[in-house]
There are 2 protein chains.
Amino acid sequence: MARSSGRKLSSLAPDQRSEIICQLAALLTEREDQILAANKMDVELAVTTENMPPPLLKRLSLSPSKLSSLSSGLRQIAVGAQESVGRVLRRTRVAHSLELEQVTVPIGVLLVIFEARPDCLPQVAALAIASGNALLLKGGKEAANTNRVLHQLTQEALTIHGVTDAVQLVSTREEVEDLCRLDQLVDLIIPRGSSQLVRDIQHAARGIPVLGHSDGICHVFVDVEASVEKVLKIVRDSKCDYPAACNSMETLLIHRDLLRTPVFDQIIDSLRTERVKIHAGPRFASFLTFSPSEAKSLRTEYGDLECCVEVVDSLQEAVDHIHKYGSSHTDVIVTENEDTAEFFLQQVDSACVFWNVSSRFSDGYRFGLGAEVGISTARIHARGPVGLEGLLTTKWLLRGEGHTASDFSDQGSMKYLHENLPIGPLVASHRNSH
Amino acid sequence: MARSSGRKLSSLAPDQRSEIICQLAALLTEREDQILAANKMDVELAVTTENMPPPLLKRLSLSPSKLSSLSSGLRQIAVGAQESVGRVLRRTRVAHSLELEQVTVPIGVLLVIFEARPDCLPQVAALAIASGNALLLKGGKEAANTNRVLHQLTQEALTIHGVTDAVQLVSTREEVEDLCRLDQLVDLIIPRGSSQLVRDIQHAARGIPVLGHSDGICHVFVDVEASVEKVLKIVRDSKCDYPAACNSMETLLIHRDLLRTPVFDQIIDSLRTERVKIHAGPRFASFLTFSPSEAKSLRTEYGDLECCVEVVDSLQEAVDHIHKYGSSHTDVIVTENEDTAEFFLQQVDSACVFWNVSSRFSDGYRFGLGAEVGISTARIHARGPVGLEGLLTTKWLLRGEGHTASDFSDQGSMKYLHENLPIGPLVASHRNSH
């Protein structure tokens, strides 16, 4: 049902998809009372029966201001919807009167699994609608009432162009593991939530690709030629700006020659001022006169005001350390030497590699990708921060006049040209008259 | 070992990768005697102990002319190697002195599993080298001797730039199923061989993406407004040019209004002239006065001079039939009506959708993609005929001057610009001096 409605959704004009999203954005504020009433039920239930800890409770709770910023986020996605489906990526004149076009199309049916945050629902629904994909949503049971109302509003918005069934809420009774085996029905799974959720889904998925990152073990390497001022700014921001984020620094690598220099002391002091708990890597521990706790593993995602500090002898050793212990998410070098920086940028095999920039920039909004679908540490399809285009694939359209393969054989009359043609604007034709 | 050598391979200059491939191309002809001697052993073994059927034996056998055309194919791949790794796809000025670049990089470690044809080995090795990927090769045991020699020559070529271990031959004793579970070591699996091989691999792979297509159930739909001349050319070529190919027509859909017209008779006569065995779909069978065998399933890949013929009432019914029974590989409409054609091109959800062209054009060489990696019916990463770029992913490079996320907060001094910058030529920097 979702696939068939999704096909209808993808054949709408981009304007029509935008209109649905704007309608949903409007409903989020118009029906504020209804949404907040349902949300209040969830929150009360969570407090009385589930004993939910305050940070989770905060994520579960909606407010007029949350709804209003959600609504304006949706309007931005509606703008992105104008340029997603049907974009021509390549045009080739294969031969006389034989033209090839590669155009963007939706992936098909997405399954998004999300945890307590109910504001995820309209956001993900808008991304799916913008990219012409059908969507199966599986939310946490803590937000069941809120999700039900938000899903009703989504369907109400979809109804204006007759594609009500393109977004479906999967009953909370269905087991996630069972959903992950529906490889004939689901084309891509996107888990939104904790690393543990993503890891579980990656293990459960059979034959269905999963877009997401389970670990964010990001490194900042301080080279011997680093500017002290930049080091202090970048280390502080990478760790302290939002310690729970996947793009926060978990390991600080310091060039050996910096040990027992004033720079080194300043870095350590600055982390202490910010109350960052330091775990010493084995090599670092062996150099120390004072003794912070030793790191249990060099592959830890602390997700808090804690980090590992380790010493490396050289640039190459920093690269090797990152390859051995990192998660290929985001890794940073701080140095004033351009050759050193370029070597690091080329050699480090991660989704994002930065020079003299905080690791926190690894983010779709900061990259300017518009709506963010997530961050992927997969090595195929989409890698790093993923915008709407991560929800698209392509198809090839070939238009001819009766051309056959045998026309091009040795005895045939035709010759291949394979000329690149300029790419025009959006495909204009969205004919639904049949 | 392969991953580490692959990283070295990917940091070579494009010229160096081309050089390795050209060296391999040269070795294929220089060491012809050695290769053919090993191949003779395999062929004799296949004849005496395995009782191999002639078509398979033909694929197993190498000859001077096969080696020479293989060699020239490799030289073409060497040209493609110049423009694969390190291509800049996107440049953005994120803020003052903060520039983002998205560049192509290799996927990592590929596992290619291939059957009897030993000429697959140097070809796949060249594709991997061109795209900077490490490669694990698992060939059929029928070609063990030939593969061993071809692999030695590949390593000899790799040695000129110190990356001998980037291409590894996996012992024939290893079970394919075990290899398909090495999700920490292998980034992409490419099965080259029968549909059955691909299906087996797709089922065995755990958490590793598989590039390939298991089925090629391609349709040609003859609309009521089709040109007779084009229909006859396209139907004949789609079925008869190479019936065993995945892009051959398996089902011919005919608009109901063409039944009992001269066009219809001409189509059937033409198929009979070519000795194509017709299997009637249930609706078609009900219209017939003569009675060909009934199709056992509308979802059959005959792979031979056989096809299913079915009748549909309308364009929409043709689209629905293709969605229900097709494999989303390649589907064709024959019509003179542009609106009808565009509706079909938009609505049919297949990797390749053609108008008035034989289905046989669904091919990397014919599309002008240069070296062909294969054809993919997956819905993410690469879809349809896949060139070298299917073996690449991207990474994001961000170069700043100490920028932090908090510089951009409400209290911060910086503003996002997100200006698209022009994309220059290939990244020049391949510094290996450290």
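The values are calculated or read from the model by the stated rules, or taken from the named source; none is laboratory data. As the structure is a prediction and not an experimental result, all values here were calculated from the model. With ideal geometry, Cβ positions are generated from the backbone for all residues, glycine too; neighbour counts draw on all protein chains shown. Keep in mind that these areas ignore ligands, DNA and RNA; they rest on the heavy atoms of the full protein, side chains included. Shrake-Rupley method; radii C 1.70, N 1.55, O 1.52, S 1.80 Å.
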(request) Go through the residues of the stretch A:145-152 one by one and say whether even a single one is surrounded by fewer than 24 Cβ atoms within 10 Å (Cβ to Cβ) and free of Cβ contacts under 8 Å to residues at least 40 places away in the same chain. (result) yes
(message) Quick test for you: out of A:205, A:143, pick the one residue that is within 14 Å of another protein chain (Cβ to nearest Cβ) and under 23 Å from the mean Cα position of the chain (by Cα).
(response) A:205
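Matching residues to (1) in contact with a helix residue (DSSP H, G or I) (Cβ under 8 Å, 6 or more places away or on another chain); (2) in the same structural domain as residue B:340 (by TED's automatic domain parsing):
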| position | (1), (2) |
| --- | --- |
| B:197 | no, no |
| B:224 | yes, yes |
| B:227 | no, yes |
| B:230 | no, yes |
| B:238 | yes, yes |
| B:246 | yes, yes |
| B:251 | yes, yes |
| B:257 | no, yes |
| B:270 | yes, yes |
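So which residues in the stretch B:161-212 are part of a strand (DSSP E or B) and either under 20 Å from residue B:390 (Cβ atoms) or acidic (Asp, Glu) (or both), if there are any at all?
Passing the criteria: B:167, B:188, B:189, B:190, B:191, B:192, B:210.
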(request) Please work out which one of (1) touching a residue at least 40 places away in the same chain (Cβ under 8 Å); (2) surrounded by fewer than 18 Cβ atoms within 10 Å (Cβ to Cβ); (3) within 14 Å of chain B (Cβ to nearest Cβ) is the condition residue A:300 fails and give its number. (result) (3)
(message) Suppose we keep only residues that are facing chain B (nearest Cβ under 9 Å) and without any contact (Cβ under 8 Å) to a residue 60 or more places away in the chain within the stretch A:353-368. Which one would you say is farthest from residue A:248 (Cα to Cα)?
(response) A:368
(message) Take residue A:237 and tell me if it is among the acidic types (Asp, Glu) and either over 24 Å from residue B:399 (Cα atoms) or surrounded by fewer than 19 Cβ atoms within 10 Å (Cβ to Cβ) (or both).
(response) no
(request) Give the residues of the stretch A:252-266 that are open to solvent by less than 60 Å² (accessible area, probe 1.4 Å) and modelled with pLDDT under 95, sorted by residue number. (result) A:259, A:261, A:263, A:264
(message) Looking at residue B:305 and the list (1) within 14 Å of chain A (Cβ to nearest Cβ); (2) within 31 Å of the chain's Cα centre (by Cα), which single condition is not satisfied?
(response) (1)
(message) List pairs: first residue in the stretch B:267-290 and open to solvent by 70 Å² or more (accessible area, probe 1.4 Å), second residue among the aliphatic types (A, V, I, L, M) anywhere in the structure, Cβ distance under 6 angstrom, at least six positions apart or on different chains.
(response) B:275/B:305; B:283/B:311
(request) Give the residues of the stretch B:208-231 that are more than 30 Å from residue B:184 (Cα to Cα), touching a residue at least 12 places away in the same chain (Cβ under 8 Å) and at the interface with chain A (Cβ under 9 Å from one of its Cβ atoms), sorted by residue number. (result) B:227, B:230, B:231
(request) Run down B:69, B:10 and say which single residue is modelled with pLDDT under 95, open to solvent by less than 60 Å² (accessible area, probe 1.4 Å) and among the small types (Gly, Ala, Ser). (result) B:10
(request) May I ask you to verify whether residue B:142 is acidic (Asp, Glu), buried (at least 19 other Cβ atoms within 10 Å of the Cβ) and part of a helix (DSSP H, G or I)? (result) yes
(message) Go through the stretch A:377-403 and report how many residues are at the interface with chain B (Cβ under 7 Å from one of its Cβ atoms) and among the hydrophobic types (A, V, I, L, M, F, W, C).
(response) 4
(request) Output the number of the condition that residue A:61 fails; it satisfies all remaining conditions of (1) more than 30 Å from residue A:405 (Cβ to Cβ); (2) within 14 Å of chain B (Cβ to nearest Cβ); (3) open to solvent by 10 Å² or more (accessible area, probe 1.4 Å). (result) (2)
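Looking at the stretch A:33-55 only, could you name the residues that are within 16 Å of residue A:141 (Cβ to Cβ), open to solvent by 70 Å² or more (accessible area, probe 1.4 Å) and part of a helix (DSSP H, G or I)?
A:41, A:44, A:45, A:47, A:48, A:49, A:50
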(request) Exactly one condition in (1) in a loop (DSSP other than H, G, I, E, B); (2) of a type in the set (Val, Ile, Thr); (3) over 17 Å from residue A:249 (Cβ atoms) is not met by residue A:300; state its number. (result) (3)
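Table: residues versus (1) of a type in the set (A, V, I, L, M, F, W, C); (2) under 21 Å from residue A:333 (Cβ atoms); (3) in a strand (DSSP E or B).
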{"site": "A:254", "(1), (2), (3)": "yes, yes, yes"}
{"site": "A:257", "(1), (2), (3)": "no, yes, no"}
{"site": "A:260", "(1), (2), (3)": "no, no, no"}
{"site": "A:266", "(1), (2), (3)": "no, yes, no"}
{"site": "A:269", "(1), (2), (3)": "no, no, no"}
{"site": "A:284", "(1), (2), (3)": "yes, yes, no"}
{"site": "A:296", "(1), (2), (3)": "no, no, no"}
{"site": "A:311", "(1), (2), (3)": "yes, yes, yes"}
(message) Of the conditions (1) within 14 Å of chain A (Cβ to nearest Cβ); (2) open to solvent by 10 Å² or more (accessible area, probe 1.4 Å); (3) at pLDDT 95 or above, residue B:160 satisfies every one except a single condition; which number is it?
(response) (1)
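So that you can scan it fast, the table gives a plain yes or no per residue for (1) aromatic (Phe, Trp, Tyr); (2) closer than 30 Å to residue A:244 by Cα; (3) in the same structural domain as residue A:300 (by TED's automatic domain parsing); (4) open to solvent by less than 60 Å² (accessible area, probe 1.4 Å):
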{"residue": "A:130", "(1), (2), (3), (4)": "no, yes, no, yes"}
{"residue": "A:133", "(1), (2), (3), (4)": "no, no, no, yes"}
{"residue": "A:138", "(1), (2), (3), (4)": "no, yes, no, yes"}
{"residue": "A:166", "(1), (2), (3), (4)": "no, no, no, yes"}
{"residue": "A:191", "(1), (2), (3), (4)": "no, yes, no, yes"}
{"residue": "A:194", "(1), (2), (3), (4)": "no, yes, no, yes"}
{"residue": "A:200", "(1), (2), (3), (4)": "no, yes, no, no"}
(message) If I ask for residues that are without any contact (Cβ under 8 Å) to a residue 12 or more places away in the chain and hydrophobic (A, V, I, L, M, F, W, C), which ones from the stretch B:381-423 would you list?
(response) B:405
(request) Go over the candidates A:127, A:188, A:137 one by one and state the one that is within 14 Å of chain B (Cβ to nearest Cβ), in contact (Cβ under 8 Å) with a residue 24 or more places away in the chain and hydrophobic (A, V, I, L, M, F, W, C). (result) A:188
